[in-house]
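Below is one structure, written out as structure tokens; the observations come after it.
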Amino acid sequence: MMFIHFDLELWRATLASLGLAVLFVVSLYIWPQKYYRNHPTCVKQRMLSVLLVTLLSPCYLLLFGDRDTSLSKHHLLDWIGLKDPFSAILPLSLTLLLFSGPLYQQLYEFRAGLLSDYDSYTDVVLIRNLVVAPVAEEMVFRGCLAPLLFRPLGWTATVIILPLFFGVAHLHHGFELYRRGNPILEVLATVLIQTAFTSAFGAYSTFIFLTTGSVYGPIVCHAFCNCMGCPDVSSISQTRNPRLTWLVYVLGLVGYIILSQYILNCDNFNSLYCVL
């Protein structure tokens, strides 16, 4: 059994986290840049790269841990959150409630399937967005960065700061948009919105990870959010009953706010981050 302890100084934890985040992004560009990001060949190459980084990330984590038996009371797998897959049920249920409006809008008002936005994409893009990306990004940016940052930052600061690594790791999409000839202002606006959205989701995902002590909740919620995309409130006016649609949106949000404090609670889970 590999028991390990993490208690880094803030500067070391920050550099270690930055190093892993950079490694994750750089792995996407080790291949010749012949294709755009949704081209099947490019998707397959990048999936291979990030899966390799994901598999190696626990080994990277070991470089910064202390295996002193007097300090090491938790197994490496506990720090990463590879335990209790059923802990994902409650966070996913809450996320479904939060998306009540978009779900109602998509399934009932527009009578479209959950994957209708992917109709023009290939199967490999679907696998990337709904399987590989959620698994790889949550394992690296939650499972492996949280152990490094939690002790020097504490709970609240980890929820706020850790997602910044996740958000900044998506900035490279701006480079790809610019390379394809998009206007610089359009690229900057797209990058700003995407970084804000991914950072906000990263905070939510980090909170789920710390509360449940499991990476499975963040993974399934990430996959679901990738499936749904950002709620399109501008299209509510196009529904058959806009008032009802708005009501479902509001009830879902209010229900989420009320129930989350009871469901996403350390008392309901066996998280080591709740006892550190």
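One residue is enough: does region 87-95 have a residue meeting the conditions in contact with a helix residue (DSSP H, G or I) (Cβ under 7 Å, 6 or more places away or on another chain) and open to solvent by 50 Å² or more (accessible area, probe 1.4 Å)? Walk me through it before giving the result.
From region 87-95, those in contact with a helix residue (DSSP H, G or I) (Cβ under 7 Å, 6 or more places away or on another chain) are 87-88, 90-92, 94-95; that's our starting set.
So of that shortlist, the ones also open to solvent by 50 Å² or more (accessible area, probe 1.4 Å) come out as 90, 92.
Yes, region 87-95 contains a residue that is in contact with a helix residue (DSSP H, G or I) (Cβ under 7 Å, 6 or more places away or on another chain) and open to solvent by 50 Å² or more (accessible area, probe 1.4 Å).
Within region 189-237, can you find the residues that are touching a Leu at 6+ places or on another chain (Cβ under 9 Å) and aliphatic (A, V, I, L, M)?
Matches in region 189-237: V191, A203, I208, V215, V220, A223, M228.
For the subset of region 177-235 comprising residues that are on the phi > 0 side of the Ramachandran plot and at pLDDT 80 or above, which member is surrounded by the fewest Cβ atoms within 10 Å (Cβ to Cβ)? Reasoning before the result, please.
Step one: list which residues in region 177-235 are on the phi > 0 side of the Ramachandran plot, which gives 181, 213, 229.
Filter once more, keeping what is at pLDDT 80 or above: 213, 229.
Working: G213: 24, G229: 13.
Top of the filtered list is G229.
Identify, by number, the condition in (1) over 13 Å from the mean Cα position of the chain (by Cα); (2) closer than 30 Å to Y35 by Cα; (3) open to solvent by less than 70 Å² (accessible area, probe 1.4 Å) that G167 doesn't meet.
(1)
What pairs can you find where one residue is in region 53-64 and closer than 13 Å to S27 by Cα, the other is surrounded by 20 or more Cβ atoms within 10 Å (Cβ to Cβ) and of a type in the set (D, E, K, R), and their Cβ atoms are less than 9 Å apart, with a gap of 6+ or different chains?
Partner pairs satisfying both residue conditions: T54/E137.
Looking only at region 24-43, filter to residues that are part of a helix (DSSP H, G or I) and in contact with a helix residue (DSSP H, G or I) (Cβ under 6 Å, 6 or more places away or on another chain); which one of those is nearest to V131 (Cα to Cα)?
Taking region 24-43 first, the residues part of a helix (DSSP H, G or I) are 24-29, 40-43.
Next, from what is left, pick out any that are in contact with a helix residue (DSSP H, G or I) (Cβ under 6 Å, 6 or more places away or on another chain): 24-25, 27-28, 40, 43.
Working: F24: 17, V25: 18, S27: 18, L28: 17, P40: 15, V43: 13 Å.
That would be V43.
When you scan region 187-207, do you find a residue that is part of a loop (DSSP other than H, G, I, E, B), over 20 Å from F141 (Cβ atoms) and of a type outside the set (G, A, S), even just one?
Restricting attention to region 187-207, the residues satisfying the condition of being part of a loop (DSSP other than H, G, I, E, B) are none.
Among the residues of region 187-207, not one is part of a loop (DSSP other than H, G, I, E, B), over 20 Å from F141 (Cβ atoms) and of a type outside the set (G, A, S), which makes the answer no.
For (1) touching a Leu at 6+ places or on another chain (Cβ under 8 Å); (2) modelled with pLDDT of 95 or more, each residue gets a yes or a no:
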position: D7; (1), (2): yes, no
position: A21; (1), (2): yes, no
position: V43; (1), (2): no, no
position: S72; (1), (2): no, no
position: L96; (1), (2): yes, yes
position: G101; (1), (2): yes, no
position: Q106; (1), (2): yes, no
position: A112; (1), (2): no, no
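The values are calculated or read from the model by the stated rules, or taken from the named source; none is laboratory data. In this text the structure is predicted, and so the values were computed from the model without any measurement. Positions of Cβ are generated from backbone atoms using ideal geometry, with glycine treated the same way; all protein chains shown enter the neighbour counts. Surface accessibility is based on the protein's heavy atoms, side chains included, excluding ligands, DNA and RNA. Shrake-Rupley method; radii C 1.70, N 1.55, O 1.52, S 1.80 Å.
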